[in-house]
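Some notes on the structure that comes next.
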Amino acid sequence: MVHPMGETALEIIERRECLELLAGQQVGRLAVMDGDAPLILPLNYALVDDTIVFETNDGSKLDASRGGPACFEIDGIDPEHLGGWSVVVRGHLHEVTEYDQPALDKFSNRVDPWIGERSHLLRLDSWAITGRRLRGRAAGA
């Protein structure tokens, strides 16, 4: 793609760097189905290995956690240079309960909800983690 102010390039971000970017952020967006319509919700999270972990109360996120598919996204934007990156995690959303003690031990107390105590711990078990970077124009171009 050619930009009027110079060259740009779209690059694939390798999985290792995707995980580093995910580990370096605290807020992302979760996409789930809410009935027949898609719904995107911001949330704060933790990354444990390659699993997104977050807490929630009753509602759309919990309703989607019955093993349903979900996507999670984070990004970084550089408007000055028309560049940025994004990482997308695709997987299945599950509630972590006392019936899955190993997961409860692994994931509990890993995330501190920004808006106070939440009553449910959820995890997004990934089956795909992908990323892309748009290298915009160079500074001063």
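The values are calculated or read from the model by the stated rules, or taken from the named source; none is laboratory data. Everything numeric here is computed off the predicted structure, so don't read it as measured data. Neighbour counts run over all protein chains shown; Cβ positions are idealised from the backbone, glycine included. Areas reflect the complete protein model, heavy atoms only, side chains present, ligands, DNA and RNA absent. Shrake-Rupley method; radii C 1.70, N 1.55, O 1.52, S 1.80 Å.
Please list, ordered by first then second residue, the pairs with beta carbon atoms under 8 Å, 6 or more apart or interchain, first in segment 20-48 and free of Cβ contacts under 8 Å to residues at least 40 places away in the same chain, second basic (K, R) and open to solvent by less than 70 Å² (accessible area, probe 1.4 Å).
Every condition considered, the pairs that remain are L41/K61; L43/K61.
Looking only at strands (runs of 3 or more DSSP E) that fall completely inside segment 19-81, which ones have 2 or more residues that are touching a His at 6+ places or on another chain (Cβ under 8 Å) and open to solvent by less than 50 Å² (accessible area, probe 1.4 Å)?
In segment 19-81, 51-56, 66-78 are the strands (runs of 3 or more DSSP E) which contain 2 or more residues that are touching a His at 6+ places or on another chain (Cβ under 8 Å) and open to solvent by less than 50 Å² (accessible area, probe 1.4 Å).
If I filter segment 71-82 for residues that are in contact (Cβ under 8 Å) with a residue 24 or more places away in the chain and farther than 30 Å from A9 by Cβ, do I get at least one hit?
Scanning segment 71-82 turns up no residue that is in contact (Cβ under 8 Å) with a residue 24 or more places away in the chain and farther than 30 Å from A9 by Cβ.
Between a residue in segment 95-114 that is free of Cβ contacts under 8 Å to residues at least 60 places away in the same chain and any residue that is open to solvent by 50 Å² or more (accessible area, probe 1.4 Å), which pairs come within a Cβ distance under 7 Å, given they are 6 or more apart or on different chains?
L104/E98
Taking segment 87-128 only, how many residues are assigned to a helix (DSSP H, G or I) and open to solvent by 80 Å² or more (accessible area, probe 1.4 Å)?
So in segment 87-128, the residues assigned to a helix (DSSP H, G or I) come out as 101-107.
Now restrict to residues that are open to solvent by 80 Å² or more (accessible area, probe 1.4 Å): 101-102, 105-106.
Qualifying residue count for the region: 4.
Quick one: would you say G140 is modelled with pLDDT under 85 and either within 15 Å of L19 (Cβ to Cβ) or exposed (fewer than 11 other Cβ atoms within 10 Å of the Cβ) (or both)?
Working: modelled with pLDDT under 85: yes; either within 15 Å of L19 (Cβ to Cβ) or exposed (fewer than 11 other Cβ atoms within 10 Å of the Cβ) (or both): yes.
Considered against the rule, which asks whether it is modelled with pLDDT under 85 and either within 15 Å of L19 (Cβ to Cβ) or exposed (fewer than 11 other Cβ atoms within 10 Å of the Cβ) (or both), G140 comes out as yes.
Which condition does I77 not pass, out of (1) farther than 21 Å from E17 by Cα; (2) among the aliphatic types (A, V, I, L, M); (3) at pLDDT 85 or above, if it passes all the others?
In the conditions (1) farther than 21 Å from E17 by Cα; (2) among the aliphatic types (A, V, I, L, M); (3) at pLDDT 85 or above, I77 misses (1) alone.
Filter segment 7-18 down to residues that are within 15 Å of G84 (Cβ to Cβ) and part of a loop (DSSP other than H, G, I, E, B), then give me how many there are.
Our first condition is that a residue be within 15 Å of G84 (Cβ to Cβ); within segment 7-18, this holds for 8-13, 17-18.
Keeping just the survivors that are part of a loop (DSSP other than H, G, I, E, B) gives 8.
The qualifying residues number 1.
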